[in-house]
Amino acid sequence: MNAANEIEWSSPGLHLRFAYEDDSPVKLVALSTGPGAPSIALPFQIVELTTGARQREHNTQIYRYTVAGVRLRHVDHEADGDVLRIRQRDASIGVEVVSRFRAAGGGLQITQTVHNASTEDIVLTSVTSALVALKGTVYDLLWGQSEWLGEGRWKQHPLGDVLPDLNLDLHRQDGRGRFKVTSHGSWSSGDVLPTGVLAGAEGPSAAWQVETSAGWHWELSRLREGVVIGILGPTDIEHRFAERLAPGGEFTSVPAGLAIADGGRDAAFAALSDYRRAIRVRRPVDDRLPVVYNDYMNTLMGDPSTEKLLPLIASAAEAGAEYFCIDAGWFAGPRGWWHSAGEWREAPGRFTGGLAAVADAIRDAGMRPGLWLEPEGVGVDSPVVDRLPDEAFFQRFGARVVEGNHYQLDLRHPAARAHLDETVDRLVDEFGVGFFKLDYNVNIGAGTEVGVEGAGAGLLGHTRALRDWLLGVHERHPGLLIESCSSGGMRMDYNLLSVAHLQSTSDQQDFRLYPPVAAAAPASVLPEQAGNWAYPAADMSLEETAFAMTAGVMGRMYLSGFLNELDQAQSSLVAEAVALHRDRREAIAGSHPVWPLGLPGWEDEVLALMLDAGPRSLLAVWSRGEAAEVALPGLEGRRLQQVYPAALPEWKVRGGSGAPVVEVPAGLSARIFAV
């Protein structure tokens with residue numbers, strides 16, 4: 001702590017200074033990577049909030065200058081290890097807000113707890129999780145779009161393209177417009193990504209993420225001398241959120257993650273990666289980083305049987321897989337696996353000798369068995385529909401919500417949690433399951449209105465209960481690994497990824513389209529959590545086989561395909577890729593992503609991703625077009641040595657003092673280099 005009316009707080013890689021007066025809210029006035037580093041911050045207040053009765057002080061579209069926010073005044077503050085808390089009060093309506101700053105991996109996790117200290121109910125309609133003003137406006141903005149089969153399509157352009165210079169000095173006011181990125185429904189990354197970056201050419205830069213599986217919103221707005229980053233969870237306007245606080249009641253915002261760096265784009269993502277690692281709830285089993293084979297993608301597609309699985313089990317083990325996951329359909333009867341899902345019991349007659357015999361075959365091959373579940377979903381024809389009370393399901397306007405012939409469980413309800421606890425415990429006990437792929441294939445909409453003022457608050461409550469349920473599963477089964485999937489990457493957020501082992505990055509079945517997904521994935525998820533499909537097929541050429549396997553090496557190898565149908569040369573390329581991944585996986589788990597050619601465009605002919613792990617760094621280059629000579633900026637003075645595939649021709653690399661130049665051939669091909 002420092003002088004009167006100032007709060008100074010440092011942690012490794014971070015230095016913050018706040019100031020407050022009797023007639024103004026607490027403001028963050030300095031933010032840097034250390035006491036001697038340049039600050040990126042402009043003085044600005046640290047929280048805004050709206051209620052049903054009190055919204056903004058000034059006409060604006062931005063979550064700034066709210067009636068309650070501008071009236072907050074400092075009450076007290078305390079630092080406790082890695083956590084700083086600052087308490088403020090708006091005496092006019094009796095609201096208190098505690099801003100919590102947690103240092104993690106050189107970044108900040110920020111939440112706001114709103115407490116009703118009045119004698120009347122207050123209906124909260126929005127609260128910023130984080131509010132930070134940056135000096136200047138000369139930044140590149142990076143943000144991402146996403147959709148099923150086309151996840152992680154990043155854009156990079158000058159901030160002025162979306163927040164033009166309006167000569168605010170002439171008008172003696174700050175701007176009223178904004179650039180906003182807002183989620184839609186229960187797929188937190190189904191339209192756009194909950195992550196953004198403002199990158200200075202040489203730094204400093206800032207990166208942020210919203211850590212919720214419910215509604216979220218982030219926005220940028222201009223000041224006369226800078227730009228404000230506003231990060232929010234669900235809001236009334238965007239997500240039908242409202243939280244009624246009785247006297248003494250409180251609400252805590254979703255966490256916002258913030259990382260700053262003294263360098264540009266890649267430095268900002270490196271800082272965000274360090275932060276993401278620090279907020280994970282890790283267990284010893286997570287350090288295994290196993291190669292998982294899954295029977296779904298371009299293979300059984302939800303129709304497993306003993307006869308189909310046994311040759312896949314043998315070939316997966318031979319290729320080097322360590323876990324074998326039986327995907328959707330193991331519970332399915334004649335009508336298929338979707339409409340009747342929810343009871344999670346082996347389908348009679350599907351497996352010769354029973355599912356237990358298949359699980360034994362997986363263990364006999366030296367692997368651990370896994371199963372697919374969609375825990376939140378209950379098919380309209382499932383017997384579970386009539387076993388659980390209405391309150392255990394999402395409801396709108398007094399009726400259960402049906403989306404895609406599925407109801408959705410509400411894990412705030414004890415009956416819903418008990419049903420899933422029984423399911424997981426039974427499957428682990430009966431089949432020795434060591435891995436669950438937990439899928440989520442519907443966007444249920446705004447949420448549920450059961451027990452809340454607004455549907456968005458119900459969705460938030462459910463997703464928080466889902467995370468708590470996963471932590472309970474981990475506690476009961478410490479050796480169990482859990483993958484988070486949502487029709488691929490439709491719910492790729494660090495509410496879940498802070499507790500899940502693995503994230504499926506896409507459902508994309510065309511191996512020619514997977515490189516931009518895999519190359520961009522580390523911007524949204526840690527490389528060691530990015531489950532990239534590698535699905536070779538018998539009709540692929542050797543170059544295409546290596547091309548298909550490269551994505552798996554550069555993240556977490558998620559193996560699939562009819563490996564038993566490959567010829568010897570193809571099988572050798574698969575085994576070589578798996579062996580390389582297993583050799584480098586610990587280095588990947590500490591690496592930082594670097595994009596020498598920039599974040600990939602969906603139709604780029606040449607794409608490059610480096611996982612920078614010092615002397616254990618790997619660089620992948622994919623080519624999907626004409627022959628070309630490609631310079632790799634940022635790698636000046638570094639030597640490239642091809643490490644995959646050994647059996648195919650080496651690409652020529654010209655080094656020297658400048659950036660390496662790689663000669664890529666025409667057609668589909670890929671190479672991995674040690675750097």
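Read-outs throughout are calculated quantities, based only on the coordinates presented, and are distinct from any laboratory measurement. Quick caveat, the model's predicted, so the values are computed rather than measured. Because the Cβ atoms are built from the backbone with ideal geometry, glycine has one as well, and the counts that use them run over all protein chains shown.
Averaging the sequence gap over all C-alpha pairs within less than 8 Å and six or more residues apart, then dividing by the number of residues, gives segment 6-279 a relative contact order of 19 percent.
Rounded to whole numbers, the Karplus 3J(HN,Hα) couplings from phi for segment 405-410 are 6, 10, 8, 10, 5, 10 Hz, using 6.51 cos²θ - 1.76 cosθ + 1.60 with θ = phi - 60°, and x at Gly and Pro.
Restriction of the GluC sites (Glu not before Pro) in segment 243-320 to DSSP coil positions whose beta-carbon has at most 11 other beta-carbons within 10 angstrom yields no sites. Summing Lys and Arg as +1 and Asp and Glu as -1 over all other residues whose Cβ lies under 12 Å from the Cβ of S382 gives a net charge of -1.
So what is the relative contact order for the chain, in percent, with contacts set as C-alpha pairs under 8 Å and at least six apart? Dividing the mean separation by the residue count of the chain yields 10 percent. With mean projected area of the Cα convex hull in nm² defined as stated, name the option among [x] 29.8; [y] 43.0; [z] 46.5 computed from the structure displayed. Here the calculated entry is [x].
Among the listed pairs K27/K180; K27/K135; K27/K155, those with a Cα-Cα distance over 26 Å are K27/K155.
Here the dipole of the chain is about 1080 debye; that uses its Cα centre as origin and unit charges on the Cβ of Lys and Arg (positive) and Asp and Glu (negative). For segment 399-523, build the charge dipole from Cβ charges (+1 Lys, Arg; -1 Asp, Glu) around the Cα centre, then report which of L420, Y514, L497 sits farthest towards its positive end. In segment 399-523, that residue is Y514. The shape of segment 276-430 comes out oblate: with a ≥ b ≥ c from the C-alpha gyration tensor, a/c is at least 1.5 while a/b does not beat b/c.
Taking all Cα pairs closer than 8 Å and separated by 6 or more residues, the relative contact order of segment 1-117 comes to 18 percent.
Cα centroids of segment 411-489 and segment 115-180: 31 Å apart. Okay, which of segment 250-265 sit inside 13 Å, backbone N to the point 7 Å along the Cα-Cβ direction of D80? No residue qualifies, since no backbone N sits under 13 Å from the label point.
Only the Cβ atoms of Lys and Arg (+1) and of Asp and Glu (-1) were treated as charged; on that basis the dipole of segment 6-279 about its Cα centre amounts to roughly 300 debye. With helices as the sole contributors, the chain gives -6000 deg cm²/dmol at 222 nm; each DSSP H run of n ≥ 4 counts as -39500 (n - 2.57), and the sum is divided by every residue.
The string of couplings for segment 155-164 from the Karplus curve (6.51, -1.76, 1.60, θ = phi - 60°) is 10, 9, 7, x, 4, x, 5, 10, 10, x Hz, one whole number per residue in order, with x for Gly and Pro. Taking the Cα centre of segment 284-504 as reference, the dipole from Cβ charges on Lys and Arg (+1) and Asp and Glu (-1) amounts to some 140 debye. At 1.567 mPa s and 4 °C, plugging the Kirkwood radius over alpha-carbon pairs of segment 150-300 into Stokes-Einstein gives what diffusion coefficient in µm²/s? D = 71 µm²/s. Ranked by the mean number of other Cβ atoms within 10 Å per residue, highest first, peptides 477-490, 136-149 order as 477-490, 136-149.
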